[in-house]
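Notes follow once the structure below has been shown.
The values are calculated or read from the model by the stated rules, or taken from the named source; none is laboratory data. Bear in mind that the values here come from a model prediction, so they are computed numbers and not experimental data. Backbone-built Cβ (ideal geometry, glycine too); neighbour counts: all protein chains shown. Just the protein is used for accessible areas: all its heavy atoms, side chains included, with ligands, DNA and RNA removed. Shrake-Rupley method; radii C 1.70, N 1.55, O 1.52, S 1.80 Å.
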Amino acid sequence: MSERLSALGLYLVEQTGKNFNFKVIKSDPIYYNILFSVGSDDYLVSDDIQELNATIELMSHRLAHKDYPPKQVKKYTHRKFEKIHKKKQINFTSKGTRFIIIKL
């Protein structure tokens, strides 16, 4: 997980041009090690395109009232998760490994 978290942090540093506290990046409890939150932004980060596509399919097929805990239903039924297929994939290389990042 540290490689993906590190890649996301380096990507955010590159985008903003400012120093960034990596401790504010939180991993999601349900989509562990692939969905990360930074403030109000969510990012899918993976080095495997098949894993990323499988997660996107899983997110699009889950029903809110059955598949998510009651406290987190509002987060996972947000419109940004419904339009995940339309989001642009960004290729980012960190330490010789290519990562695919999608900002939701």
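Some observations on this one:
- The listed residue being open to solvent by 70 Å² or more (accessible area, probe 1.4 Å), at pLDDT below 85 and of a type in the set (Lys, Arg), out of Lys103, Lys80, Lys26, Lys71: Lys71
- Subset of segment 6-23 [open to solvent by 40 Å² or more (accessible area, probe 1.4 Å), of a type in the set (A, V, I, L, M, F, W, C) and under 14 Å from Lys103 (Cα atoms)]: none
- Residue pairs whose Cβ atoms lie under 6 Å apart, sitting 6 or more positions apart in sequence or on different chains, and linking a residue in segment 4-19 that is under 15 Å from Phe36 (Cβ atoms) to a partner that is among the hydrophobic types (A, V, I, L, M, F, W, C) and assigned to a helix (DSSP H, G or I), are Gly9/Phe22.
- The set of residues in segment 34-48 being under 20 Å from Ser94 (Cβ atoms) and either surrounded by 12 or more Cβ atoms within 10 Å (Cβ to Cβ) or free of Cβ contacts under 8 Å to residues at least 40 places away in the same chain (or both) consists of Ile34, Leu35, Phe36, Ser37, Val38, Asp42, Tyr43, Leu44, Val45, Ser46, Asp47, Asp48.
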